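Presented below is the structure to which this report refers.
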Amino acid sequence: VPTVGIIGGGQLARMTAPAAIALGVRLRVLAADPDDSAAQVVVDAPVGDYRDAAAVTAFAQGCDVVTFDHEHVPMPLLEDLVAGGAVVRPRPQALRLAQDKAAMRACLTSLDVPCPRWATVRDKAELAGFAAEAGWPVVLKTPRGGYDGKGVLVAENPDDAAAWLARAGQPGGTGLLLAEERVAFEQELAVLIARSPSGQAAAWPVVQTVQVDGICREVTAPAPGLDPGLAAEATRIGLRIAGELDVVGVLAVEMFQTAAGPDGAPGDAGGRVLVNELAMRPHNSGHWGMDGAVTAQFEQHLRAVLDYPLGETSLTAPAVAMANVLGGRSSADGGSAMGIDERVHHLFAADPGAKVHLYGKQVRPGRKIGHVTVLGEDMTSVRARASAAARWLRDGVGE
Ligand SMILES: Nc1ncnc2c1ncn2[C@@H]1O[C@H](COP(=O)(O)OP(=O)(O)OP(=O)(O)O)[C@@H](O)[C@H]1O
Ligand SMILES: [Mg+2]
């Protein structure tokens, strides 16, 4: 029986556990803390620092494959791991592009993959130079370490960017920032691909994602109203990136769909797609598949990194909606006094079709603590039910 090691003990590792059980695969998780989301449910979950070479090397001993819950493991450490004989999937050369948004932009541009206009900038003068071409506002991103919009700033003018540029320029800072045109998108899309070492690839239907304040709130599968030609184009781009970068495992490609018009290709009624960013692991935009796809991303990731044939990716219902449950205010801070299990109890009474997934995480306002999926015939109604359920679990009060 193969052992798959996952570095990082967050909810992605936790949700891989049921898939490992079903496949009869042993799962080992390198957790940062015994109370990590995955460490609560995985028997073999040693605690160690993913930045510590000794801890990671010891963890990898006895793993047939090492893969990831997050992209923060330092590159030199991963390279040493590979040199020492560990099987690391995706391989460090690919993962590098998920760690560094500036490197990712440069690579995608060299592959002619459509992206927003971008440049790297070090100071106000370089930023002003970029804005003179792309216009204000400019979207600034720290190349590394961002998540849930935390490394993203919309700058309306050079002064807005001053503090970020200064921070990047400090010792230990990233040195530069990624500047992007602000895309006036119609909707955000995500394409999830799984690819195996032997080169087999499978794509799930293109989904729509909705971000509020940089955090993913809702995902609907398939993306409602998406032009079939554009969906095919998005899928082609995703498959091409997976192949060119030799990604193994799940690859999420976040995209913007622009409106048809001056920016769109002539005669292209559906607008076009631009790549936002890449993640090389299971991703929030694929959680819907645990209930709504024949093969969920967590099972598929295991199948891919183990080089098993991949599973079917089609929907199990015509319309699938997932809504993230964010942490609400504590009762001490004016929030509901009702505990999460009592909220779940009421939700199940109100909507027996709602599928709840909680991550065992400490509640903090705005933090992702779970998600709800609803399947059905009609997108408008499944979407309303999923978001009402997520809001109820967050707030513990009705509308
Ligand atoms: N160039 C852009 N134009 C318009 N909106 C953008 C642009 N870049 C990012 N955004 C908005 O900010 C959100 C977060 O950006 P991005 O995905 O780059 O950051 P992140 O913090 O790494 O996100 P994640 O949580 O997915 O890792 C996007 O989903 C989108 O809504
Ligand atoms: Mg993103």
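The values are calculated or read from the model by the stated rules, or taken from the named source; none is laboratory data. This one's a predicted model, so the numbers in the text were calculated from it and none came from an experiment. Don't worry about glycine lacking a Cβ; one is built from the backbone with ideal geometry, like all the others, and counts go over all protein chains shown. Remember, those area values only see protein heavy atoms, side chains included, never the ligands or the DNA or RNA. Shrake-Rupley method; radii C 1.70, N 1.55, O 1.52, S 1.80 Å.
Some observations on this one:
- In the range 209-237, residue farthest from ligand 2 (Cβ to nearest atom) [restricted to those that are polar (S, T, N, Q) and open to solvent by less than 40 Å² (accessible area, probe 1.4 Å)]: Thr235
- Residue match in the range 74-86 (condition: buried (at least 16 other Cβ atoms within 10 Å of the Cβ) and in contact with an Asp or Glu (Cβ under 7 Å, 6 or more places away or on another chain)): no
- Considering only residues in the range 23-43 that are of a type in the set (D, E, K, R) and in contact with a helix residue (DSSP H, G or I) (Cβ under 9 Å, 6 or more places away or on another chain), the one that is surrounded by the fewest Cβ atoms within 10 Å (Cβ to Cβ) turns out to be Arg26.
- In the range 275-292, residue farthest from Lys141 (Cα to Cα) [restricted to those that are more than 13 Å from the chain's Cα centre (by Cα) and open to solvent by 10 Å² or more (accessible area, probe 1.4 Å)]: Asp291
- Within the range 1-22, considering residues that are part of a loop (DSSP other than H, G, I, E, B) and touching a Leu at 6+ places or on another chain (Cβ under 8 Å), the one surrounded by the fewest Cβ atoms within 10 Å (Cβ to Cβ): Pro2
- Taking strands (runs of 3 or more DSSP E) as the structural unit, those lying wholly within the range 288-399 and holding at least 1 residues that are within 17 Å of Val207 (Cα to Cα) and β-branched (Val, Ile, Thr) correspond to 319-326, 368-376.
- Some residue of the range 187-202 being under 19 Å from Pro116 (Cα atoms), open to solvent by 10 Å² or more (accessible area, probe 1.4 Å) and within 12 Å of ligand 1 (Cβ to nearest atom): yes
- Residue in the range 176-184 that is over 25 Å from Val247 (Cα atoms), modelled with pLDDT under 95 and away from ligand 1 (no atom under 13 Å from the Cβ) present: yes
- Of all residues in the range 155-165, those satisfying the criterion of being among the aliphatic types (A, V, I, L, M), open to solvent by less than 60 Å² (accessible area, probe 1.4 Å) and away from ligand 1 (no atom under 15 Å from the Cβ) are Ala162, Leu165.
- Selection count where residues are open to solvent by less than 40 Å² (accessible area, probe 1.4 Å) and either in a strand (DSSP E or B) or under 30 Å from Ile369 (Cβ atoms) (or both), scope the range 137-147: 7
Results for (1) at pLDDT 95 or above; (2) within 30 Å of Ala179 (Cα to Cα), shown as yes or no for each residue.
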residue: Ala19; (1), (2): yes, no
residue: Ala39; (1), (2): yes, no
residue: Asp49; (1), (2): yes, no
residue: Gly62; (1), (2): no, no
residue: Phe68; (1), (2): yes, yes
residue: Glu79; (1), (2): yes, yes
residue: Arg91; (1), (2): yes, yes
residue: Lys101; (1), (2): yes, yes
residue: Ala106; (1), (2): yes, yes
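- Figure legend. Inter-residue proximity from the range 114-127: first residues closer than 20 Å to Glu277 by Cβ, second residues among the hydroxyl-bearing types (Ser, Thr, Tyr), beta-carbon distance below 7 Å, spacing 6+ or different chains. Indicated pairs: Cys115/Thr109.
- Test: residue in the range 47-54 that is in a loop (DSSP other than H, G, I, E, B) and closer than 15 Å to Gly360 by Cα: no
- Residue in the range 92-112 that is over 21 Å from Ala234 (Cα atoms) and open to solvent by 60 Å² or more (accessible area, probe 1.4 Å) present: yes
- For the range 235-254, a residue qualifies if it is on the phi < 0 side of the Ramachandran plot, away from ligand 1 (no atom under 15 Å from the Cβ) and touching a residue at least 12 places away in the same chain (Cβ under 8 Å), and the qualifying residues are Thr235, Ile237, Gly238, Leu239, Arg240, Ile241, Ala242, Gly243, Glu244, Leu245, Val247, Val248.
- Qualifying positions in the range 113-136 - assigned to a loop (DSSP other than H, G, I, E, B) and either open to solvent by less than 20 Å² (accessible area, probe 1.4 Å) or small (Gly, Ala, Ser) (or both): Val113, Pro116, Gly135
- From the list Lys355, Lys368, the one residue that fits, being charged (D, E, K, R), within 17 Å of Met15 (Cβ to Cβ) and open to solvent by less than 50 Å² (accessible area, probe 1.4 Å), is Lys368.
- Checking Val247 against (1) at pLDDT 95 or above; (2) more than 15 Å from ligand 2 (Cβ to nearest atom); (3) out of contact with any Leu (no Cβ under 9 Å at 6 or more places or on another chain), the condition it does not meet: (3)
- Filter result (open to solvent by 10 Å² or more (accessible area, probe 1.4 Å) and in a loop (DSSP other than H, G, I, E, B)) within the range 55-73: Gln61, Gly62, Cys63, Asp64, Asp69, His70, Glu71, His72
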